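One structure below.
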Amino acid sequence: MEIKRKIQIGVMGSARDLGYKEDMAILAEEVGFYIAQAGATLVFGAEKDCDSLSTSACRGAKENGGLTVGVTYGKGKDIYDKEIADIVIVSGLERGGGREMVLVLSCDGIITIGGGSGTLTEMAIAYQANIPIVAIKNTGGWSDKLVDQYLDERKRFKIKKAKTPKEAVRLILKLIGK
């Protein structure tokens, strides 16, 4: 009997302290909904101290019966929204590179929404590891700045653009090869 592993899609995006608007949280929930609908696992950066677009995506996946995995920093499984992560991976690492590396390398592909410095770090790690990236256009932050761009002269791959949550999930699945 062949056991098939579920596709693991990371959702990376702005934390609440960047001041995103409620429509961005709704858009992120929709991304999570479509990931769950596709039968994929949603992987996200489980924050300890504030809400985020990644957490919103996780809520959308949970509402659609999806499996969710949160990767957190530091020690302990305490996260901001305790009801949404089916599994919490405690990295023991700090924000700013360590946790982000564990998070991104656990993904088959990532979708970005807006994003500050943490999302930029995650995009760079994915690029270095040849993990496909889809950025949702018109969500601000690094998603808008880097869409349709290579991150360096190696020109490994361009960050792909999606206009809607449904398109983002469809495209990341295509890039992963599923």
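The values are calculated or read from the model by the stated rules, or taken from the named source; none is laboratory data. Quick caveat, the model's predicted, so the values are computed rather than measured. With ideal geometry, Cβ positions are generated from the backbone for all residues, glycine too; neighbour counts draw on all protein chains shown.
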For this session: Working only within segment 55-69, note down all residues that are more than 19 Å from Gly114 (Cβ to Cβ) and under 13 Å from the mean Cα position of the chain (by Cα).
Result: Thr68, Val69
For this session: Determine if segment 41-58 includes at least one residue that is in contact (Cβ under 8 Å) with a residue 24 or more places away in the chain, among the hydrophobic types (A, V, I, L, M, F, W, C), surrounded by fewer than 19 Cβ atoms within 10 Å (Cβ to Cβ) and outside any helix (DSSP H, G or I).
Result: yes
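Do we have Tyr80 as out of contact with any Cys (no Cβ under 9 Å at 6 or more places or on another chain) and either of a type in the set (Ser, Thr, Tyr) or modelled with pLDDT of 95 or more (or both) here?
On the way: out of contact with any Cys (no Cβ under 9 Å at 6 or more places or on another chain): no; either of a type in the set (Ser, Thr, Tyr) or modelled with pLDDT of 95 or more (or both): yes.
Here the answer is no, as Tyr80 does not meet what is asked.
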Seminar exercise, completed: Those residues of segment 4-22 which are more than 15 Å from Gly141 (Cα to Cα) and surrounded by fewer than 24 Cβ atoms within 10 Å (Cβ to Cβ) amount to Lys4, Arg5, Lys6, Ile7, Gln8, Glu22
Exercise. Which residues, taken from segment 74-119, are over 28 Å from Lys21 (Cβ atoms), among the basic types (Lys, Arg) and surrounded by fewer than 14 Cβ atoms within 10 Å (Cβ to Cβ)?
Worked result: Lys75
Problem set entry | Members of segment 155-178 that are hydrophobic (A, V, I, L, M, F, W, C) and touching an Asp or Glu at 6+ places or on another chain (Cβ under 6 Å) | Ile176
Exercise. Would it be correct to say that Tyr34 is surrounded by 14 or more Cβ atoms within 10 Å (Cβ to Cβ), aromatic (Phe, Trp, Tyr) and within 17 Å of Ala135 (Cα to Cα)?
Worked result: yes
